[in-house]
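What follows is calculated from the coordinates using simple rules that are stated; it is not laboratory data. Worth saying up front: this structure is predicted, and the values here are computed from it rather than measured. For neighbour counting, all protein chains shown are included, and Cβ atoms are generated from backbone atoms with ideal geometry for every residue, glycine included.
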Amino acid sequence: MTISDTVTGSQGAVSITGVQKAFAGRSRKAPGRQALDGFDLEVRAGEFLCLLGPSGCGKSTLLNLLAGFSEPDGGEVLVDGTPVTGPGPERGVLFQTPMLFPWLNTLDNVLYGPRARGEKGAAPRKRATDLLQTVGLADAAASYPHELSGGMRHRAAFARVLVNQPRLLLMDEPFGALDAITRAAMQRFLLELWERDRMTVVFVTHDVEEAVLLGDRICVMSGSPGRTRAVFDVDLPRPRDLEMTDTLEFVHLKRQVRESLEASL
Ligand SMILES: Nc1ncnc2c1ncn2[C@@H]1O[C@H](COP(=O)(O)OP(=O)(O)OP(=O)(O)O)[C@@H](O)[C@H]1O
Ligand SMILES: [Mg+2]
């Protein structure tokens, strides 16, 4: 099964216009924050967009708005032209810590979403087992999360999101806590998956190299409130691999993005 069986590269377009988001303060010593103030961002259907910015500039706030976990105070958050009004399976979210239910084995974790939506019959099970194969966890279908390695847990969480056939993947520093080798393996895996299925991805990272390796475009934010400081086109050929990080073009772009990021601190 591929996501493109049901979703074409023409879905998952994001349009964020003039978005305002403030958080109320708890006291005079902890005043409120304007996290986003008139933020604009367009992401094309099937595009891989990376968001970089200093801590506290509003990246997670933005992802939460897109996921439908919170609402903007003003402005518009549209996915495929429709305002986001709450969470939905067509928008998959992956956090730094993989979200798995400890009391369910890997297969049942992956099947949780389809079952919760009342999907019946053999189709969801077939989708889930095919996906476990894709993410290299076919042999771990009966294992529980505590029996999986860190990288395996990430792949299981991935499968759990992908089983819903999302048109938009929202990733908030998904590999930030991983060791260098597992992280490289996850980056490779994500690239292969995206090359194959071309869902829209909004990927938050602190790592400039990761952004250049993965993204079609990189939006560098400054804060606070969060604003777009610069947008870079990543004109590097695809498919990409880690060997590319040594090329002159890669190093040059990485330096430009890093300078922009440092200037936004
Ligand atoms: N639930 C909340 N209540 C109050 N303030 C919040 C809340 N969530 C975020 N903020 C504030 O909004 C601003 C943006 O936070 P956000 O989490 O979006 O930053 P970020 O760019 O994701 O940072 P990081 O890179 O550290 O994850 C910060 O000033 C933060 O303190
Ligand atoms: Mg964050």
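How many of the residues in segment 228-244 are buried (at least 18 other Cβ atoms within 10 Å of the Cβ) and either among the β-branched types (Val, Ile, Thr) or in contact with a strand residue (DSSP E or B) (Cβ under 7 Å, 6 or more places away or on another chain) (or both)?
Initially, segment 228-244 is screened for residues buried (at least 18 other Cβ atoms within 10 Å of the Cβ), giving 229, 232, 234, 240.
Those still in the list that are either among the β-branched types (Val, Ile, Thr) or in contact with a strand residue (DSSP E or B) (Cβ under 7 Å, 6 or more places away or on another chain) (or both) too: 229, 232, 234.
Number satisfying all stated conditions: 3.
Of the numbered criteria (1) surrounded by fewer than 15 Cβ atoms within 10 Å (Cβ to Cβ); (2) within 16 Å of ligand 1 (Cβ to nearest atom), the one Gln133 fails is (2).
Take segment 245-265 and flag every residue that is assigned to a loop (DSSP other than H, G, I, E, B) and either loosely packed, with under 15 Cβ neighbours inside 10 Å or among the β-branched types (Val, Ile, Thr) (or both). Before you say what the answer is, go through the steps one by one.
Filtering segment 245-265 down to residues assigned to a loop (DSSP other than H, G, I, E, B) leaves 247, 264-265.
Residues satisfying the conditions are Thr247, Leu265.
Within the set Val201, Val208, the sole residue that is buried (at least 17 other Cβ atoms within 10 Å of the Cβ), away from ligand 1 (no atom under 16 Å from the Cβ) and either hydrophobic (A, V, I, L, M, F, W, C) or within 27 Å of Gly56 (Cα to Cα) (or both) turns out to be Val201.
Mind listing whichever residues of segment 166-189 are more than 16 Å from ligand 1 (Cβ to nearest atom) and crowded, with 22+ Cβ neighbours inside 10 Å? Of everything in segment 166-189, those that are more than 16 Å from ligand 1 (Cβ to nearest atom) and crowded, with 22+ Cβ neighbours inside 10 Å turn out to be Pro166, Arg167, Leu168, Leu169.
The residues in segment 29-68 that are loosely packed, with under 14 Cβ neighbours inside 10 Å and within 16 Å of ligand 2 (Cβ to nearest atom) can be counted, and the count is 2.
Evaluated against (1) under 16 Å from the mean Cα position of the chain (by Cα); (2) farther than 30 Å from Leu111 by Cβ; (3) among the hydrophobic types (A, V, I, L, M, F, W, C); (4) assigned to a strand (DSSP E or B), Val201 falls short on exactly one condition, (2).
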